[in-house]
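First comes the structure, then the notes that go with it.
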Amino acid sequence: MHYKPPSRYRLTRRKHAMAAATALSTLASGLGLAMPETAMAQFRPSPMHLTPTKNNSTDQPATFQADKVDYNDVEHTITWTGNVQLWQGDNVMHADKIVYDRDTGVVAAHGNVASIQPDGTVIHAQYAELTGGMRDGIMMHVGTTLPENARMAANGMRRTGGKVNDMSRAVYTACEICKKDKKRAPFWQFRAYDATQDLEHQEIIFRDTYLDILGIPVLYMPFFSMTDPSAKRHSGFLMPGVTPHDRYLGTYFTIPYYWVIDNQSDMTVQALFSTKTNPQLSAQYRRRFNFGMVKVQGGITDSSMRSKAYTNDFGNDVSGGNGHGFQGYLFLNANFSLNKYWRAGVNVNLATSADYMRNYRVTGYGNDTLNSNVYLEGFGTGSYSRIDAQYYQGLNQGVIRNTDLPFVLPRYTYSFLGQPDALGGRFGMSTTDFNVRRDNGTSDIRGQVALNWDRPFQNKLGQKYLLTLHLDSTLYSASHLDQQPNYYNRHGAATSGQVLPTIALKTSWPFVRAFEKGHGSQILEPIVQLIYAPNTGYSRNNMPNEDSMSYEFTDSTLFSLNRYQGTDRLDGGLRANVGLHANWTWDGHEVDLLGGESFQEHINHDQLPYSGLEHHASDIVMRARVVPNQYFDFNGRMRLDPYTKHVNFGDALFSVGVPHFRVRGGYVYEPVTPYYYYATDYRSSGPSSLYYVKTNELSGGFSSDWGAWHLSAFARRSLSRKEFVSLGGDLGYSNDCFGIDVLYMKQYTTIGGQQRNSTVLFTVSLKTLGSFGLK
């Protein structure tokens, strides 16, 4: 590299040239640089580390540039003045004036000193006196700009080995500094008698520290440590959690520690201490590979708590569970890409008891089951394949017992959709095969194949047609059909099957016109669908039922070939579905309406109660989506009985508001609750009274924000049970560096014989430091 000084000055004396060569050589030696024999021609130094890193090349050149250079042979100094710049690789230093003492090797920088580190950190100072390759020295009136807009300032700083910065009278903040009044205190800051920035271990330690809010001291800490904002990951203690009162744990504390193992893995260990029971130790391990990831979470304790027995809503006595003594849980999630077509994974979710999960607030409590599986799946052009095994653990005590739950080994699914063929149609195939085993209940093996061929076409009038040829075929081998979830009136094992061909023709005739000078469009589309399949009856062969326990007839299934969720039960017979679809769209706004009805030749009054298909003419299904402007939107669905004029199903969501304030509401109605398959044998006593309780709920709430503040509230009430389901609210404030939030929630749901209590969550967040919560 050639070094060329600015042309506006010249070296006129030979002794100045010799002095310059000697000075540059001495300076380079002091900074760890190597100078060639002819200093005036060029130099190629070895690395100069403003902040030492392992990645700097050993042959990076250093460059000096200034408006003026003065040489003093008497004092043995060289002085660069006027826009002085020094840089090497990613290290850059600016100053108004730099003086180098050839005898002591000290570099003194004066005025507007700025040192830019490779990690993006910028150190400002009014005066700096450095030596040892600029890795040691002192700075006065220091200001440091860190990543994430964090800043530190100090009266003075001593730098040691380029690894440790000791500061006196230090302040730290991540808040914006007022541009109009820079002396104005930021929203929050730490003031410390002294502080140490450990660059090697990426840590900042404060001593005798005050936390100021708007310039007012609110908290004193004799010692405080935090991770340097430049660190992406750093080992250390995280913010502790405090809950003053909990029904099961009393007052409890959580102390988490984060450990960076290497660039691909880490672990978080947490200790929980409670006033009502023994401590719990939990941990989470994470590791990423080039081809996948592993995440393991678990906890152990010796619980001293005993749960009380209770009577559930079905009138059954439930024991107190087994949440006493040694308890623990294990959650494992892993997936690996074997190649670009195949991947494998495993999900394990196990716990010693539901009471333990409830008592120690383990994530997942409140669900009906814990689900585990292991799988292998592949992806191809238009195809998907998966084989897995599944295991379930029941958590809803008194309703679902582990002996009632299935173990699935294996289950295989495959689907394929081909490209258009010579006739213009597309062929598809799918299968779902499984082996379900239960200790208490029906066990069965199923093999199933579905074939499908769709052929769309249209005529010159714009009418669109879709011809569908479909074939379902299934073979079953089952035992204990008299037990749950089927409860058939037969004992022993049975082998049966079904084959159901279906042909369907769907036609629609969309009428389209433009309005609003071409910026809007209107569509009016009548739809008619004819479907024929043999009417083989509902329970013709006493086939087991694993995937078709729920039957839904709404706008979403009006034109479906099979309105069951699975294929263990199939819709048969001759039927016609008709509908009218209308749509208006303009300037990003929309009104979309659909109404329809199904007409069927064969009906079954006994097996499809409350389905909307009890008559030859079904209930009328309707759907509406209305978004006329930015102030209002509405989504609603309903099913109306044309004979009784009763609404048998309905749900709706709406929101209305202006900027900074919005009101939301919802409503849902169903004639009966979902069927409790695992609760009671209905052959002798009939369904529980819970089965006939309507789902009739109303929900609503609002949200508002003004400036940095936000406020929201919500409520959900069961009109059929005449009680609230849940309610709560949230109030908070946040700016560029600070957040505070108070959340209140009351749940009225009863789980495990215990009604949920109120929860208040108080959270404070400081940018670059983290969040602290009080529950």
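The values are calculated or read from the model by the stated rules, or taken from the named source; none is laboratory data. Keep in mind the model is a prediction, meaning the values are calculated, not measured. Note that we place each Cβ from the backbone using ideal geometry, even for glycine, and neighbour counts take in every protein chain shown.
Could you check, for region 188-197, whether at least one of its residues is over 16 Å from LEU766 (Cβ atoms) and of a type in the set (Lys, Arg)? Within region 188-197 (the criterion being over 16 Å from LEU766 (Cβ atoms) and of a type in the set (Lys, Arg)), the answer is no, since none of the residues qualifies. Residues that are surrounded by 14 or more Cβ atoms within 10 Å (Cβ to Cβ), touching a Ser or Thr at 6+ places or on another chain (Cβ under 6 Å) and farther than 30 Å from ARG288 by Cβ within region 227-255 comprise LEU249, TYR252, listed in sequence order. The strands (runs of 3 or more DSSP E) found entirely in region 663-775 that carry 3 or more residues being touching an Asp or Glu at 6+ places or on another chain (Cβ under 8 Å) and at pLDDT 95 or above are 709-718, 723-734, 738-747. The set of residues in region 389-430 being within 13 Å of ASP454 (Cα to Cα) and not in a strand (DSSP E or B) consists of GLY418, GLN419, PRO420, ASP421, ALA422, LEU423, GLY424, GLY425. Among the residues of region 429-466, those that are surrounded by 15 or more Cβ atoms within 10 Å (Cβ to Cβ), in contact (Cβ under 8 Å) with a residue 40 or more places away in the chain and not charged (D, E, K, R) comprise THR432, PHE434, VAL436, GLY441, THR442, GLN448, ALA450, LEU466.
In this entry, ASP592 is excluded by the filter for residues that are crowded, with 16+ Cβ neighbours inside 10 Å, at pLDDT 90 or above and closer than 30 Å to MET543 by Cβ.
Does ARG625 meet the test of being charged (D, E, K, R), surrounded by 13 or more Cβ atoms within 10 Å (Cβ to Cβ), closer than 24 Å to HIS581 by Cα and modelled with pLDDT of 95 or more? Break it down stepwise before answering.
Details: charged (D, E, K, R): yes; surrounded by 13 or more Cβ atoms within 10 Å (Cβ to Cβ): yes; closer than 24 Å to HIS581 by Cα: yes; modelled with pLDDT of 95 or more: yes.
When the stated conditions are applied, ARG625 passes them.
Taking the listed residues MET167, MET157, MET134, MET139, the one that is assigned to a loop (DSSP other than H, G, I, E, B), aliphatic (A, V, I, L, M) and either on the phi > 0 side of the Ramachandran plot or touching a residue at least 24 places away in the same chain (Cβ under 8 Å) (or both) is MET134, with no other qualifying.
For the residues TYR258, TYR210, the requirement of being closer than 30 Å to GLU176 by Cα, touching a Ser or Thr at 6+ places or on another chain (Cβ under 8 Å) and not in a loop (DSSP other than H, G, I, E, B) singles out TYR258.
Going by what's in this entry, would LEU574 be described as in contact with a Phe, Trp or Tyr (Cβ under 8 Å, 6 or more places away or on another chain), surrounded by fewer than 20 Cβ atoms within 10 Å (Cβ to Cβ) and either assigned to a loop (DSSP other than H, G, I, E, B) or of a type in the set (A, V, I, L, M, F, W, C) (or both)? Judged against the criteria, LEU574 is a match.
Name the single residue, out of those in region 99-116 being within 48 Å of the chain's Cα centre (by Cα), modelled with pLDDT of 85 or more and surrounded by fewer than 22 Cβ atoms within 10 Å (Cβ to Cβ), that is nearest to VAL74 (Cα to Cα). Filtering first and then ranking leaves ASN112.
Just to verify a result, which residue in region 731-775, among those that are within 16 Å of ASN149 (Cβ to Cβ) and among the charged types (D, E, K, R), is surrounded by the fewest Cβ atoms within 10 Å (Cβ to Cβ)? Filtering region 731-775 for residues that are within 16 Å of ASN149 (Cβ to Cβ) and among the charged types (D, E, K, R), the one surrounded by the fewest Cβ atoms within 10 Å (Cβ to Cβ) comes out as ASP736.
Of all residues in region 542-558, exactly one satisfies the criterion of being surrounded by fewer than 20 Cβ atoms within 10 Å (Cβ to Cβ) and of a type in the set (A, V, I, L, M), namely MET549. Of the residues PRO244, PRO240, PRO222, the single one that is out of contact with any strand residue (DSSP E or B) (no Cβ under 6 Å at 6 or more places or on another chain) and under 30 Å from THR759 (Cα atoms) is PRO244.
Residues in region 262-296 that are at pLDDT below 95 and of a type in the set (Val, Ile, Thr): THR275, THR277. Among the residues of region 473-484, write down those that are surrounded by 20 or more Cβ atoms within 10 Å (Cβ to Cβ) and either among the small types (Gly, Ala, Ser) or in a strand (DSSP E or B) (or both). Listed by number, the residues that qualify are THR474, TYR476, ALA478.
Sort out which residues of region 154-205 are β-branched (Val, Ile, Thr) and surrounded by fewer than 20 Cβ atoms within 10 Å (Cβ to Cβ), and write them in order of number.
Narrowing region 154-205 to residues β-branched (Val, Ile, Thr): 160, 164, 171, 173, 177, 196, 204-205.
THR160, VAL164, ILE177, THR196, ILE205 - these are the residues of region 154-205 that are β-branched (Val, Ile, Thr) and surrounded by fewer than 20 Cβ atoms within 10 Å (Cβ to Cβ).
Among the conditions (1) surrounded by 15 or more Cβ atoms within 10 Å (Cβ to Cβ); (2) without any contact (Cβ under 8 Å) to a residue 24 or more places away in the chain; (3) closer than 27 Å to GLN463 by Cβ, the only one that ALA514 does not satisfy is (1). Identify the residue in region 336-366 that is touching a Leu at 6+ places or on another chain (Cβ under 6 Å) and part of a strand (DSSP E or B) and, among all such residues, is surrounded by the fewest Cβ atoms within 10 Å (Cβ to Cβ). Of everything passing the filter in region 336-366, LEU350 is surrounded by the fewest Cβ atoms within 10 Å (Cβ to Cβ).
Examine region 403-412 for a residue that is surrounded by fewer than 14 Cβ atoms within 10 Å (Cβ to Cβ), within 34 Å of the chain's Cα centre (by Cα) and free of Cβ contacts under 8 Å to residues at least 60 places away in the same chain, and state whether such a residue exists.
Among the residues of region 403-412, at least one is surrounded by fewer than 14 Cβ atoms within 10 Å (Cβ to Cβ), within 34 Å of the chain's Cα centre (by Cα) and free of Cβ contacts under 8 Å to residues at least 60 places away in the same chain, which makes the answer yes.
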